[in-house]
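Data block below; observations after.
Nothing in this text is a laboratory measurement; each read-out follows from the coordinates by a stated rule. If you're wondering where the values come from, they're calculated on a predicted model, not measured in any experiment. Please note: Cβ atoms are built from the backbone with ideal geometry, for glycine as well, and neighbour counts cover all protein chains shown.
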Amino acid sequence: MEVLFATTNPAKIKSYKEKLEEHGIKVLTLKDLGLNIDVEETGKTSIENACIKAETYGKIAKKITIGIDTNLFFEDVPEDRQPGTHVRRVNGKTLTDEEMIKYYKDLANEYGGKITANWVNGIAIYNGKETKTYSFSKSKFYLVDSESKRRHPGYPLDSISIIPEFNKYLTDLTEEEINLREKNKNKNNTENVVNTICEILKNM
């Protein structure tokens, strides 16, 4: 079986390509097919955006297509304060890294100094007739109202994210801690996602 993975993110492709091909599923990329189309992601959730990508590219490529998207979810925070798929855009304005840190620090302060957060991933598989969806989340972490002085350019929330298993800011993790965290996280998530994708494909 041959499927198109509708993402331009090489890290996402690398995460699943090898494992899917172990199951006899050949993974094609947008680059493989020469598709360079700007898809407007207007969904309010990761599932909605994953569907938009899978269906848009699937109709053009005329292949079974997998779309994936991510949104940020806060526990015990009302829907109108959820960042969803627009983490950097607040009240119609695109925030700089430092503006993001300030905004989310202030939000955490409103909720007692700490918000339990999670990145929620949505996957959609379109076969030309129907779309099946699946969502999964990564390890929980805390957004707090204090900050590390260290920065990961382009990833400002890392400076106010506390990783529970180490009780340290994400920016302050050692290389060994990062590798251990990624190894455990990716192993469990990737295997579960790949198995679910295979099961969906089998029943479509």
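Residue check: VAL87 meets all listed conditions (1) under 22 Å from GLY154 (Cα atoms); (2) in a loop (DSSP other than H, G, I, E, B); (3) without any contact (Cβ under 8 Å) to a residue 24 or more places away in the chain but one, namely (3).
Of everything in the stretch 36-68 that is among the basic types (Lys, Arg) and in a loop (DSSP other than H, G, I, E, B), the residue that is surrounded by the fewest Cβ atoms within 10 Å (Cβ to Cβ) is LYS62.
Can you find, within the stretch 108-118, the residue that is farthest from VAL144 (Cα to Cα) among those that are surrounded by fewer than 16 Cβ atoms within 10 Å (Cβ to Cβ) and of a type outside the set (Lys, Arg)? Give the steps one after another, and end with the answer.
Here is the first cut: in the stretch 108-118, the ones surrounded by fewer than 16 Cβ atoms within 10 Å (Cβ to Cβ) are 109-110, 112-114, 116, 118.
Retained after the next criterion (residues that are of a type outside the set (Lys, Arg)): 109-110, 112-113, 116, 118.
Values: ASN109: 7, GLU110: 10, GLY112: 9, GLY113: 5, THR116: 9, ASN118: 13 Å.
Among those residues, the one meeting the criterion is ASN118.
Does any residue of the stretch 102-110 turn out to be outside any loop (DSSP other than H, G, I, E, B), among the hydrophobic types (A, V, I, L, M, F, W, C) and either closer than 30 Å to GLU2 by Cβ or touching a helix residue (DSSP H, G or I) at 6+ places or on another chain (Cβ under 6 Å) (or both)? No - not one qualifying residue is present in the stretch 102-110. From the list LYS138, LYS105, LYS132, the one residue that fits, being surrounded by fewer than 17 Cβ atoms within 10 Å (Cβ to Cβ) and of a type in the set (Lys, Arg), is LYS138.
In summary, strands (runs of 3 or more DSSP E) completely within the stretch 121-169 and bearing 1 or more residues that are in contact with a Phe, Trp or Tyr (Cβ under 6 Å, 6 or more places away or on another chain) and touching a residue at least 12 places away in the same chain (Cβ under 8 Å) occur at 141-144, 161-163.
Of all residues in the stretch 11-31, how many are assigned to a loop (DSSP other than H, G, I, E, B) and in contact (Cβ under 8 Å) with a residue 24 or more places away in the chain? The qualifying residues number 3. Would you mind stating whether ASN49 is more than 15 Å from LYS132 (Cβ to Cβ), polar (S, T, N, Q) and touching an Asp or Glu at 6+ places or on another chain (Cβ under 9 Å)? Spelling it out, ASN49 is indeed more than 15 Å from LYS132 (Cβ to Cβ), polar (S, T, N, Q) and touching an Asp or Glu at 6+ places or on another chain (Cβ under 9 Å).
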